[in-house]
1. Could you check, for segment B:3-25, whether at least one of its residues is within 19 Å of A:R15 (Cβ to Cβ) and touching a residue at least 60 places away in the same chain (Cβ under 8 Å)?
2. On the basis of being within 13 Å of DNA strand D (Cβ to nearest atom), assigned to a helix (DSSP H, G or I) and within 9 Å of the chain's Cα centre (by Cα), does A:I23 make the cut?
3. So, A:I83, is that one within 13 Å of DNA strand D (Cβ to nearest atom) and more than 26 Å from B:T100 (Cα to Cα) or not?
4. Only one of these is assigned to a helix (DSSP H, G or I), within 14 Å of chain B (Cβ to nearest Cβ) and open to solvent by 50 Å² or more (accessible area, probe 1.4 Å): A:T62, A:T96, A:T92, A:T45. Name it.
5. Can you tell me which residue among A:K70, A:K40 is within 16 Å of DNA strand D (Cβ to nearest atom), surrounded by 14 or more Cβ atoms within 10 Å (Cβ to Cβ) and outside any helix (DSSP H, G or I)?
6. Scan segment A:26-37 for residues that are assigned to a helix (DSSP H, G or I) and more than 15 Å from DNA strand C (Cβ to nearest atom) and jot them down.
7. Return the only residue of A:G77, A:G66 being over 24 Å from B:E103 (Cα atoms) and near DNA strand C (Cβ under 10 Å from one of its atoms).
8. Go through (1) on the phi > 0 side of the Ramachandran plot; (2) open to solvent by less than 50 Å² (accessible area, probe 1.4 Å) for B:G77 and report which single condition fails.
There are 2 protein chains.
Amino acid sequence: MKNLEKQLKQQIVQRIFRNFADIMILRLIQTEPMWGYKIKKEVQTRFGVKLRHGALYPLLNTLEQGGYIKSRKQAKGGRIRKIYQITQKGATLLSTYQKTIKEQFQ
Amino acid sequence: MKNLEKQLKQQIVQRIFRNFADIMILRLIQTEPMWGYKIKKEVQTRFGVKLRHGALYPLLNTLEQGGYIKSRKQAKGGRIRKIYQITQKGATLLSTYQKTIKEQFQ
DNA sequence: TGAGATATGTCTCGAAAGAGACATATTGTA
DNA sequence: TACAATATGTCTCTTTCGAGACATATCTCA
């Protein structure tokens, strides 16, 4: 694959995260429960996209209030992690998004 | 398909158009060259999404300036239509988007 | 002839989003 | 012990985006 195409793909992935961060997070969490900081790091290494934590944490709280994810607190030493996992409602939403987006972009 | 799911799908399509209007327009134009007003009407009937002409025309001009589409003027009576068709550059962009989005949402 | 549809464009105002600082506490490591 | 990393959260300022008005001209049909 050409270098230019790689760059373009990177830009597209970035745009997807900017506009569908909630859905991309649901997708990440579905494969494995995670806490905010881990999500930030994973997205950076896997997708090359930098999520601002100032945007991420409020988004996670919104998703939880909406019932799409739920958290349990895990004390790792003296630090507290809020580990999020996807709910049935979240999984349904994600699946509908995946179906619809594939339909629209085929 | 349940009514609720239909509603949700409609919301998703709306969100796609809000965030990827340029790409959806490229996709429309690729199947058939069109002018702005036709695009607006087609999107309304085919997708149930209302595009504001106050957003659409500037977007079409931006896409043309970027070299993704090109226009020819057609006089229909005394009215002038700017008929847009996709360029090679536009088709390449569209195809990369389709590939990348399918990858990300599978 | 007047109203609604066709056709393209700009402009303004308020809302939402983005960048990045401010804030705090712990843990690991050099 | 000091600095970087881990961990979560809020807040402000700027920029961007969206809704809808303003603007103009033609065409069609009742």
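The values are calculated or read from the model by the stated rules, or taken from the named source; none is laboratory data. Keep in mind it's a predicted model, so treat the numbers as computed, not measured. Cβ: placed from backbone, ideal geometry, glycine included. Neighbour counts: every protein chain shown. Areas reflect the complete protein model, heavy atoms only, side chains present, ligands, DNA and RNA absent. Shrake-Rupley method; radii C 1.70, N 1.55, O 1.52, S 1.80 Å.
1. Yes, that holds for at least one residue.
2. Here the answer is no, as A:I23 does not meet what is asked.
3. So A:I83 fits the description; yes.
4. A:T92
5. Matching residue, one of A:K70, A:K40: A:K70.
6. A:L26, A:R27, A:L28, A:I29, A:Q30, A:T31
7. Only one candidate qualifies: A:G77.
8. The failed condition is (2).
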